[in-house]
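Structure first, commentary second.
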């Protein structure tokens, strides 16, 4: 896999490249400091992941990012917009599914996570539908389609969103706050610390008088259903009955 890093600041560019090469030794990284060199590379090589500095002078980074996003050749590529200030991220750049926003004060784990998610196929397709954008760390935002959410768990003042492709941290969100933002009738609160997507429920089992749990089609996770939420969940799912464990 080929990765292009376009970054005007040498220290940040070297940090990005070093992080990728250390953790993904079999990937080819092209370290580029200006748009002219980047355009030459993409004429000769097929790039799967772009890290693009949109803080370059004269909006050159922004215009290059737009060109990549609009190019059908890169419809399945992963585009990460790198910036020191999110005010430069324009609405038309936010609108596309296939990119994230990375602050230049990033941590190594964030870069590893971005590439792993792409490699595992969770972000490498164009989709339409309702989605949310949220912080996954202090320096990175990402986007998730609501139809891909299986369940949500609240833990340690954050929410963990379990999707078809893995788990994503929604940093700083309470469960109720996140559900209000999502505002989707298919995603139902089922416990003080859990919500689920009714479309993924395989069955609900009764553990004891007041304890229930949900199993899902698309993952092996099992989550609890609180006694006071049980009737609400069943009301939303007409054809599902509770089985004894």
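The values are calculated or read from the model by the stated rules, or taken from the named source; none is laboratory data. Bear in mind the structure is a predicted one, so any value in this text is a computation, not a measurement. Counting neighbours? That spans all protein chains shown, and the Cβs are built from the backbone with ideal geometry, glycine included.
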- Tell me which of these residue 138 doesn't satisfy, since it passes every other one: (1) at pLDDT below 85; (2) in contact with a helix residue (DSSP H, G or I) (Cβ under 9 Å, 6 or more places away or on another chain). (2)
- Item | Residue check for residue 160: touching a residue at least 40 places away in the same chain (Cβ under 8 Å) and in contact with a strand residue (DSSP E or B) (Cβ under 9 Å, 6 or more places away or on another chain) | no
- Name the one entry in 11, 16, 56 that is out of contact with any helix residue (DSSP H, G or I) (no Cβ under 6 Å at 6 or more places or on another chain) and under 12 Å from residue 115 (Cβ atoms). 16
- Task: Please determine, by comparing only the residues of segment 63-78 that are closer than 20 Å to residue 104 by Cα and crowded, with 20+ Cβ neighbours inside 10 Å, which one is modelled with the highest pLDDT.
- Result: 64
- Task: From the list 151, 173, pick out the single residue that is touching a strand residue (DSSP E or B) at 6+ places or on another chain (Cβ under 6 Å), in a loop (DSSP other than H, G, I, E, B) and surrounded by 18 or more Cβ atoms within 10 Å (Cβ to Cβ).
- Result: 173
- Item | Candidate set from segment 39-61 (those that are within 25 Å of the chain's Cα centre (by Cα) and farther than 12 Å from residue 7 by Cα); member that is surrounded by the most Cβ atoms within 10 Å (Cβ to Cβ) | 49
- If you go through 100, 92, the only one that is closer than 25 Å to residue 133 by Cβ, at pLDDT below 90, in a helix (DSSP H, G or I) and not assigned by TED's automatic domain parsing to the domain that holds residue 163 is 92
- Message: Here are the criteria: (1) in a loop (DSSP other than H, G, I, E, B); (2) over 28 Å from residue 116 (Cα atoms). Tell me which single one residue 189 does not satisfy.
- Response: (1)
- Query: Quick one: what pairs do we get from segment 223-245, first residue over 16 Å from residue 208 (Cβ atoms), second surrounded by fewer than 16 Cβ atoms within 10 Å (Cβ to Cβ) and modelled with pLDDT under 70, C-beta under 7 Å, 6+ apart or different chains?
  - Reply: 234/240
- Task: May I ask you to verify whether residue 183 is without any contact (Cβ under 8 Å) to a residue 24 or more places away in the chain and either surrounded by fewer than 17 Cβ atoms within 10 Å (Cβ to Cβ) or out of contact with any helix residue (DSSP H, G or I) (no Cβ under 9 Å at 6 or more places or on another chain) (or both)?
- Result: yes
- Item | Single residue of segment 109-129 satisfying the filter (exposed (fewer than 14 other Cβ atoms within 10 Å of the Cβ) and in contact with a strand residue (DSSP E or B) (Cβ under 7 Å, 6 or more places away or on another chain)) that is modelled with the lowest pLDDT | 127
- Message: Testing residue 158 on (1) buried (at least 16 other Cβ atoms within 10 Å of the Cβ); (2) over 18 Å from the mean Cα position of the chain (by Cα), one condition comes back false. Which one is that?
- Response: (2)
- How many of the residues making up segment 163-178 are farther than 19 Å from residue 109 by Cβ, out of contact with any helix residue (DSSP H, G or I) (no Cβ under 9 Å at 6 or more places or on another chain) and in contact (Cβ under 8 Å) with a residue 24 or more places away in the chain? 1
- Unique residue being assigned by TED's automatic domain parsing to the domain that holds residue 115 and more than 22 Å from the chain's Cα centre (by Cα) when the list is 36, 70: 36
- State all residues of segment 206-224 that are in a strand (DSSP E or B) and under 23 Å from the mean Cα position of the chain (by Cα); if no residue qualifies, say none. 216, 222, 223
